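Right, one structure below, let's go through it.
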Amino acid sequence: MPGFFYGLTFSRMPITLFPRLSVGNTKLGKILNWNLPARVTCPGKSEYCETVCYACTRLYKYENVKESYKNRRKARNKPGWVNDMIARINASETKVVRIHASGDFDSLKYINNWNKIVQGCPGTTFYFYTRSWVVENLLEPLKKLAREPNVFAWFSCDRSMPVPPKPANVRLAYMSMDDFDEPKYKVDLVFRVKHKTVRKRMGQYSSLVCPVEQGVDSKVQLTCEKCKICFSNYKTNRQPRNLQNATVSNRGLRALFVHV
Ligand code: SF4
Ligand code: SF4
């Protein structure tokens, strides 16, 4: 249930006027995340992703959630934001940050600010999915951010987009719109939006489906916090160990599409 955020309880919480990061949602588990308004901050949004964007529906539609994302959009351009984020992240006991469960990188300055934040938090792992790689002047800064040793980067794509580049340190995540939409090129992970079948792998390169969307029995209660594929060096050519013996059931086939 994205949008159901818990307040942070830092023992050494810096007292500032800047907005906080959020902690977790049903898919993520307790992972810190920083969000901006979807669509307006997504220069690489695709014909398809816009139509199914989870960050534009459900709880994300509540005025208080929308307002908090707008505040974050304003705050990230103010002097002091980078240092505030570094202080907050370093003070947190949660050592994984997802950059954008909603929104995307929309300017060179903003990407460079994230470079400074990840460099200032060497004990924290960061990960992001982005479609902003389609914007010519943002591709190189994104590749630079992906090269940071504590960053895991994913270029998101779907069949309405061109084939993405595959720089070093970047993996590809394909958004499949339905059971017939299979990636026609090699990708590292597949997210399924609308699906009625149980699938562990898809496409001619047999790309791994995000375990949450494979159709694994809902009793498994998998979260990103437990799975870790997206923020580790996990090789997606094998099935996650904790799911190898899991049963599959259509009950688990619930779309949990969150900005991929
Ligand atoms: S592969 Fe794992 S970490 Fe990545 S989105 Fe799916 S559940 Fe989360
Ligand atoms: S799916 Fe991602 S890129 Fe597309 S509109 Fe939503 S937040 Fe933006």
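Of the residues making up the range 142-162, those that are touching a residue at least 60 places away in the same chain (Cβ under 8 Å) and assigned to a loop (DSSP other than H, G, I, E, B) are ASP158, ARG159, SER160, MET161.
For GLY24, indicate whether it is of a type in the set (Gly, Ala, Ser) and modelled with pLDDT of 95 or more. Against the criterion (of a type in the set (Gly, Ala, Ser) and modelled with pLDDT of 95 or more), GLY24 does not qualify. List pairs: first in the range 119-133 and within 30 Å of VAL163 (Cα to Cα), second away from ligand 1 (no atom under 14 Å from the Cβ) and assigned to a helix (DSSP H, G or I), Cβ under 7 Å, 6+ apart or cross-chain? That search, which allows pairs on different chains as well, returns PHE126/VAL118; THR130/LEU142; ARG131/CYS49; SER132/LEU138; SER132/LEU142; TRP133/LEU139; TRP133/LEU142.
In the range 99-130, the qualifying residues are those that are within 14 Å of TRP154 (Cβ to Cβ) and in contact with a His (Cβ under 9 Å, 6 or more places away or on another chain), and the one that is surrounded by the fewest Cβ atoms within 10 Å (Cβ to Cβ) is HIS100. Just one of (1) farther than 18 Å from PHE128 by Cα; (2) at pLDDT 95 or above fails for VAL220. It is (2).
Applying the condition of being under 22 Å from PHE18 (Cβ atoms) and modelled with pLDDT of 90 or more to the range 37-66 and asking which residue is farthest from ligand 1 (Cβ to nearest atom) yields VAL40.
The values are calculated or read from the model by the stated rules, or taken from the named source; none is laboratory data. Please read all numbers here as calculations on a predicted model, not as lab measurements. A quick note on method: Cβ atoms are made from the backbone with ideal geometry, for glycine too, and the neighbour counts reach across all protein chains shown.
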